[in-house]
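Structure record follows, encoded as structure tokens.
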Amino acid sequence: MLVVAGALIDDANRVLMHRRPAGKHLEGLWEFPGGKVEPGETPPAALARELAEELGVTISDSAFSPRGFAHETRDFSPPEPARGIVLLLYSCRIWTGKPAPLEGGGLGWFAIPEIDSLDLAPLDRILLGQLKAGL
């Protein structure tokens, strides 16, 4: 499964993080917002769609810069078999609209060092290290 995530970075170099809502897998953990790439979509197009749905922002596909990736094999409840997940991280500094948690959970703007202290989803912890190395 291919999944995309976005590190929206504001003028103060803070990164927008999303807290997963109650009742969802990894509930309460912080993550870079994003979601699944659908058949026929490019990763940047999928990320633009997901961030519009989740945050209410408009972003051009060309505004995203690749920053890293992480992967794991995840076990699902039977009868679904285990499957691999590849999570691609992109950064973005240009968007239209004010981000809001349209699908629940919470949002916060954090300086990069502050993100280290958040309770992050496991793959997002890997992505954070790659983001820090690239900035």
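Number of residues in the stretch 25-54 that are free of Cβ contacts under 8 Å to residues at least 12 places away in the same chain and either within 23 Å of GLU114 (Cβ to Cβ) or within 9 Å of the chain's Cα centre (by Cα) (or both): the value is 1.
Among residues of the stretch 6-24 being of a type in the set (A, V, I, L, M) and surrounded by 12 or more Cβ atoms within 10 Å (Cβ to Cβ), the one that is nearest to LEU118 (Cα to Cα) is MET17.
Listed here are the residues, each with its yes/no results for (1) assigned to a strand (DSSP E or B); (2) aromatic (Phe, Trp, Tyr); (3) modelled with pLDDT of 95 or more; (4) closer than 17 Å to PRO99 by Cα.
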{"position": "LEU8", "(1), (2), (3), (4)": "yes, no, yes, yes"}
{"position": "LEU16", "(1), (2), (3), (4)": "yes, no, yes, yes"}
{"position": "GLY23", "(1), (2), (3), (4)": "no, no, no, no"}
{"position": "GLY28", "(1), (2), (3), (4)": "no, no, no, no"}
{"position": "GLY40", "(1), (2), (3), (4)": "no, no, yes, no"}
{"position": "PRO44", "(1), (2), (3), (4)": "no, no, yes, no"}
{"position": "LEU47", "(1), (2), (3), (4)": "no, no, yes, yes"}
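Does LEU118 qualify as being surrounded by 13 or more Cβ atoms within 10 Å (Cβ to Cβ) and either free of Cβ contacts under 8 Å to residues at least 60 places away in the same chain or assigned to a helix (DSSP H, G or I) (or both)? For LEU118, the condition - surrounded by 13 or more Cβ atoms within 10 Å (Cβ to Cβ) and either free of Cβ contacts under 8 Å to residues at least 60 places away in the same chain or assigned to a helix (DSSP H, G or I) (or both) - is not met.
Answer yes if at least one residue in the stretch 28-39 is surrounded by fewer than 18 Cβ atoms within 10 Å (Cβ to Cβ) and touching a Lys or Arg at 6+ places or on another chain (Cβ under 7 Å), and no otherwise.
Of the residues in the stretch 28-39, the ones surrounded by fewer than 18 Cβ atoms within 10 Å (Cβ to Cβ) are 28, 35-36, 38-39.
Those left that are additionally touching a Lys or Arg at 6+ places or on another chain (Cβ under 7 Å): 28.
Yes, that holds for at least one residue.
Hey, does the stretch 81-92 have a residue that's surrounded by 14 or more Cβ atoms within 10 Å (Cβ to Cβ), in contact (Cβ under 8 Å) with a residue 24 or more places away in the chain and at positive phi? For the stretch 81-92, residues surrounded by 14 or more Cβ atoms within 10 Å (Cβ to Cβ), in contact (Cβ under 8 Å) with a residue 24 or more places away in the chain and at positive phi: absent. Restricting ILE94, ILE126, ILE85 to residues that are out of contact with any strand residue (DSSP E or B) (no Cβ under 7 Å at 6 or more places or on another chain) and either of a type outside the set (Gly, Ala, Ser) or part of a strand (DSSP E or B) (or both) narrows the list to ILE94.
The values are calculated or read from the model by the stated rules, or taken from the named source; none is laboratory data. On a predicted model such as this, the values are computed, not experimentally measured, just so you know. Here the Cβ is made from the backbone with ideal geometry for all residues, glycine too, and neighbour counts use every protein chain on show.
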